[in-house]
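A.B. asks: Dumping the structure here so I can ask a few things about it.
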Ligand SMILES: [Zn+2]
């Protein structure tokens, strides 16, 4: 369906119910939406639902490969493991909460952090909705709709006495919206239920995501105080919700922030220096804002950025190719340092330009800055299930050579099932979920949904 900017504004005016339920105070402030100038940005997008992270084309391709039941096919192997995953089982019982806390619970009325409940249930809603799309078995769609409706009925706010709540608002906001996007055409999820869910996504999630990005977490912080992964997850939530709601203004906000924003979610701040030639002769490399911090976060930037780029791609925006494939150079850099192609790390050179984090900035607290002078070995080797998504895009959409995607290709192979066996550990022995909350930081299932090789 083609949607114009004007109709989106009218729908917003009718559907935005305000945020009067959210208490005052800096950390809770939903803020006032600023007027943005979108001249030069699209006035319409083409929505071929589902078209957030997973497209209808992806579903068609994967269904054909599943039907062939070839045990040597990495897609079929990944699907078999997906069907065994605890968050893809029928019946799954949701555990909705009235208030979700991520961060300091002081003043929230909740005794401690409880965001794992929405992390698990959002993952289950997404996977059950995906399982319905791939198998056609109605019970999975019904179960996914029950989970989404249960949360929309009960959850009033995501909160905390600090800004950690915005990580949950980002990660789980975008998972929930992707679940809804996959379920939008399920006849059993009524129009009335979907309208209620849309309104809930807008007030409980989207408005908060936007406040965080517009204000960089509050007036005490400079625009680069929050690392890239914070803005990326909130941008991902906004884009997924924007696609599901067909909200042109929200999509353009994400597009503009990624292309020319002041914060760490802007491509030129996330990747602060121009790519350089790989000293070992394979394509180009670019460190990210978080390369000198630690690899757990540096790889999170990759998985979030990749899923953000793919959602944009599915509505016709090419974040992947922006600034001469700059995102690829960041992926190559991060893969080169973290991949273990034969069980051990590569020993090639890692070029690094000194990076000053929050040094002499406008943050009110001047004690947290640091100077990075080399890639950080902390957390080296972190596996996140995003590499087949990146590899497939540059290989099959941009038609780059294997050498131009050299390290990404190696990492994708490390996380792929070969003859039914997973070669890397994939994060605690599973291609999608480990046991910690960090396993819910991205949606994953990259090999199943994006592998396009023979
Ligand atoms: Zn700062």
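A.B. asks: By how many nm would the segment from residue 35 to residue 70 lengthen if fully extended, with 0.36 nm per residue of separation less the alpha-carbon distance? Present the calculation step by step, with values, prior to reporting the outcome.
C.D. replies: Numbers: separation 35, 0.36 × 35 = 12.60 nm, distance 5.33 nm.
Gain on extension, residue 35 to residue 70, equals 7.3 nm.
A.B. asks: How do 174, 38 line up, fewest other C-beta atoms within 10 Å first?
C.D. replies: Going from sparsest to densest Cβ surroundings: 38, 174.
A.B. asks: By how many nm would the segment from residue 116 to residue 48 grow when fully extended, if each residue of separation counts as 0.36 nm and the alpha-carbon distance is taken off?
C.D. replies: Numbers: separation 68, 0.36 × 68 = 24.48 nm, distance 3.20 nm.
Going from the current span to full extension adds 21.3 nm.
A.B. asks: Counting helices only, and only those DSSP H runs with n ≥ 4, report the 222 nm mean residue ellipticity of the chain as the sum of -39,500 (n - 2.57) divided by its residues, in deg cm²/dmol to the nearest 500.
C.D. replies: On the way: 16 runs with 202 residues, N = 454.
Calculated at 222 nm, the ellipticity per residue is -14000 deg cm²/dmol.
A.B. asks: Take the alpha carbon atoms of the range 119-142, find their center, do the same for the range 394-422, and report the distance between the two centers in whole angstrom.
C.D. replies: The range 119-142 and the range 394-422 have Cα centres spaced 27 Å from each other.
A.B. asks: Given a cut-off of under 8 Å on Cα pairs at least six residues apart, what relative contact order in percent is computed for the chain?
C.D. replies: Numbers: 825 pairs, mean separation 79.2, N = 454.
The value is 17 percent.
A.B. asks: So how many Å³ per residue does the convex hull of the Cα atoms of the chain work out to?
C.D. replies: Details: hull volume 62.0 nm³, N = 454.
Considering the Cα atoms of the chain, their hull volume per residue is 136 Å³.
A.B. asks: Quick one: of the DSSP bridges fully inside the chain, what percent are antiparallel, nearest 5? Could you put the intermediate results ahead of the total?
C.D. replies: Working: 11 of 14 bridges.
Percentage antiparallel, nearest 5: 80.
A.B. asks: At 0.36 nm per residue, and after removing the present C-alpha to C-alpha distance, how many nm does the segment from residue 86 to residue 196 gain when stretched out fully? List each step's numbers first, then the result.
C.D. replies: On the way: separation 110, 0.36 × 110 = 39.60 nm, distance 2.78 nm.
So the extension gain works out to 36.8 nm.
A.B. asks: Sticking with this one: Between the range 194-221 and the range 327-377, what is the separation of their alpha carbon centroids in Å?
C.D. replies: Between the Cα centres of the range 194-221 and the range 327-377 lies a distance of 30 Å.
A.B. asks: Another question, then. Would you mind ranking 337, 345 by Cβ crowding within 10 Å, fewest neighbours first?
C.D. replies: The most exposed by this proxy come first: 345, 337.
A.B. asks: Provide the descending list of Cα extents for the range 204-322 along its principal axes, expressed in whole angstroms.
C.D. replies: Result for the range 204-322: principal-axis Cα extents of 47, 36, 24 Å.
A.B. asks: Now a separate question. Just rank 399, 81, 368, 225, fewest to most, by other beta-carbon atoms within 10 angstrom.
C.D. replies: 399, 368, 81, 225
A.B. asks: Compute the label zone of residue 436 within the range 312-355: residues whose backbone N is under 15 Å from the point 7 Å along Cα-to-Cβ.
C.D. replies: In the range 312-355, the label zone of residue 436 (backbone N under 15 Å from the point 7 Å along Cα→Cβ) covers no residue.
Any read-out appearing in this document is the output of simple, stated calculations on the displayed coordinates, not a laboratory observation. Everything numeric in this text was worked out from a predicted model, so none of it was measured. We place every Cβ from the backbone using ideal geometry, glycine too, and count neighbours over all the protein chains shown.
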